[in-house]
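Participant: So that we are looking at the same thing, I have put the structure below in C-alpha cells.
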Amino acid sequence: MADSKGSGKPDPIFTPADRIRQLNEVDKDVARLIHSAGLAIQALTNARSGDSPGDNTLDSHKARFKEATSQYFALLSSIDVRLRRQVYALEEASILAPDATSRTGDLPGASGGAAGAANPLDVSWLNSRKDTVGKDKEAELWAAARGFVEQISNPGMKGESSHEGMEVD
C-alpha cells in the first residue's frame with residue numbers, strides 16, 4: 001500500500017486523534033473478548049444461561065462453547081493485528097525503537113540480544129525494576145506469625161485478653 005511517489009508511507013495518514021480512536025475501539029473489543037471468554041467458560045459449566053434457561057443439553061453446551069470460542073479467537077486476532085499496527089506506527093514515528101523481534105514473531109531474549117536494548121514499554125522489564133512488594137508482605141506475615149506464636153507460648157502475657165475465645169491444641 002505504498003503511495004505513488006514511492007516514499008514507502010501508507011496512503012492513509014492517521015492523526016494522533018485517529019490513533020486514539022483506534023485504541024479506544026481496541027479497548028472496547030478487549031471487553032468483548034473477556035465477555036466471550038466468560039461465555040465459553042460458562043458453556044463448560046452446568047450453570048443455566050440467561051438467554052435459554054430450558055435448553056441445558058450437552059449439544060447446546062457444545063454449540064454455545066463453539067460460538068463463544070469462535071468469537072473469542074476472531075476478536076483476539078483482530079486485536080492483535082490492530083495493536084501491531086499501533087506499535088508499527090509508534091516505531092515509524094520514532095517514539096519506540098524498532099524491535100528486531102517485533103516483526104519476526106520471535107520471543108524476546110531468544111536471539112541473545114544485548115541486555116541494554118530493552119523495550120521501555122515491556123511489562124516484564126517494568127515489573128523487574130521493583131520487586132520489594134512480595135518481600136515486604138512476606139516479612140509482614142512472618143512478623144505476624146512470630147507474634148502469634150509468642151502469644152501462644154506465653155499464656156499469661158498481654159495478648160491473651162484479645163484471644164479469650166480461641167482454643168489452642
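Participant: Mind telling me which of the residues Asp59, Asp51 ends up being at pLDDT below 85, open to solvent by 100 Å² or more (accessible area, probe 1.4 Å) and more than 30 Å from Glu91 (Cβ to Cβ)?
Facilitator: Of the residues listed, the single one that is at pLDDT below 85, open to solvent by 100 Å² or more (accessible area, probe 1.4 Å) and more than 30 Å from Glu91 (Cβ to Cβ) is Asp51.
Participant: Out of the residues in the range 64-93 that are touching a residue at least 24 places away in the same chain (Cβ under 8 Å), of a type in the set (A, V, I, L, M) and open to solvent by less than 60 Å² (accessible area, probe 1.4 Å), which is nearest to Asp18 (Cα to Cα)?
Facilitator: Ala89
The values are calculated or read from the model by the stated rules, or taken from the named source; none is laboratory data. Everything quoted here is computed from the prediction, not taken from an experiment. Quick reminder, even Gly has a Cβ in these numbers, built from the backbone with ideal geometry, and neighbours come from all protein chains shown. We work out accessible area using only protein heavy atoms, side chains counted, and drop any ligands, DNA or RNA first. Shrake-Rupley method; radii C 1.70, N 1.55, O 1.52, S 1.80 Å.
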